[in-house]
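Data first, discussion second: the structure below is written as structure tokens.
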Amino acid sequence: MMNTILRRSVLGFAGLALSTGVVAGPLDTLTDTTPAAAAAAVQADKPDSGTLIPQGTQSRIDLGDEQTGNVKAIIEATKKAGMDERAAVVAIATSLQESKLENLGHLGERNDHDSQGLFQQRPSSGWGSVEQITDPEYSTTAFLKGLKQVEGWQELPLTEAAQKVQVSAFPFHYAQWETQAADLVAEHWTS
């Protein structure tokens, strides 16, 4: 009887985890075989793990001049922090989710508490002053400082690494931006 209960519990949890994406992630895969998608897959690889396809359905937005400038600012801050392209991919994907790469001020009633800037960081949570967290270099450096404190972040799926820093109410939403973030890093890292 105990084995039956245990087996049903394990199978029930596995089914729940698979259907909700908790363990396995979304079941969708990237089928784009363009050079940009190949570059994204390379950027998204975990070290020594072979090819890793970004989790879930990927989203993409067109960027304006301000957003492209913020991509470049994130990349420059990443380089200044002595971190690699993978760190920039995580940071850019996080900013895509949090603000669509727009340096947002206080949004009034639509604001999530006192969240502002590219990463929607909160002064009340110790990220810095409003002036600091709305400065792209400062906010990126603060995000990367948090990322460095995540043990093994380089081997984690992007969405898990971002979530450990951001502590979002929607932890799996970061994954959808991995391909675009990797494409942006591939395009701007050496420019």
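The values are calculated or read from the model by the stated rules, or taken from the named source; none is laboratory data. Treat the numbers as computed from the prediction; the structure is a model and nothing was measured. We place every Cβ from the backbone using ideal geometry, glycine too, and count neighbours over all the protein chains shown.
Looking at (1) surrounded by 12 or more Cβ atoms within 10 Å (Cβ to Cβ); (2) modelled with pLDDT under 75, which is the one condition that is false for PRO47?
Unmet for PRO47, out of (1) surrounded by 12 or more Cβ atoms within 10 Å (Cβ to Cβ); (2) modelled with pLDDT under 75: (1).
Can you confirm whether the range 162-175 contains a residue that is without any contact (Cβ under 8 Å) to a residue 24 or more places away in the chain, farther than 20 Å from ILE75 by Cβ, among the polar types (S, T, N, Q) and assigned to a helix (DSSP H, G or I)?
Yes, that holds for at least one residue.
Do we have any residue at all in the range 103-119 that's assigned by TED's automatic domain parsing to the domain that holds ARG60, at pLDDT 90 or above and of a type in the set (A, V, I, L, M, F, W, C)?
Within the range 103-119, not a single residue is assigned by TED's automatic domain parsing to the domain that holds ARG60, at pLDDT 90 or above and of a type in the set (A, V, I, L, M, F, W, C).
Just to be sure, is SER139 touching a strand residue (DSSP E or B) at 6+ places or on another chain (Cβ under 8 Å), surrounded by 24 or more Cβ atoms within 10 Å (Cβ to Cβ) and without any contact (Cβ under 8 Å) to a residue 40 or more places away in the chain?
yes
Does the range 153-174 hold any residues that are touching a helix residue (DSSP H, G or I) at 6+ places or on another chain (Cβ under 9 Å), among the small types (Gly, Ala, Ser) and farther than 14 Å from ALA88 by Cβ, and which are they?
If the condition is that a residue be touching a helix residue (DSSP H, G or I) at 6+ places or on another chain (Cβ under 9 Å), among the small types (Gly, Ala, Ser) and farther than 14 Å from ALA88 by Cβ, then SER168 is the only one that fits.
Are any residues in the range 116-141 of a type in the set (Ser, Thr, Tyr) and within 21 Å of VAL89 (Cβ to Cβ), and if so, which ones?
Matches in the range 116-141: TYR138, SER139, THR140, THR141.
Report, by residue number, each residue of the range 82-106 that is free of Cβ contacts under 8 Å to residues at least 60 places away in the same chain and under 13 Å from GLN67 (Cβ atoms).
Correct list: SER95, SER99, LYS100, LEU101, GLU102, ASN103, LEU104.
When you check GLN180 against the structure, is it touching a residue at least 60 places away in the same chain (Cβ under 8 Å), buried (at least 20 other Cβ atoms within 10 Å of the Cβ) and assigned to a helix (DSSP H, G or I), yes or no?
yes
Can you name the residue in the range 51-91 that is hydroxyl-bearing (Ser, Thr, Tyr) and part of a loop (DSSP other than H, G, I, E, B) and is also surrounded by the most Cβ atoms within 10 Å (Cβ to Cβ) among such residues?
SER59
Do you know which of the residues in the range 146-160 that are in a helix (DSSP H, G or I) and in contact (Cβ under 8 Å) with a residue 40 or more places away in the chain is surrounded by the fewest Cβ atoms within 10 Å (Cβ to Cβ)?
GLU155
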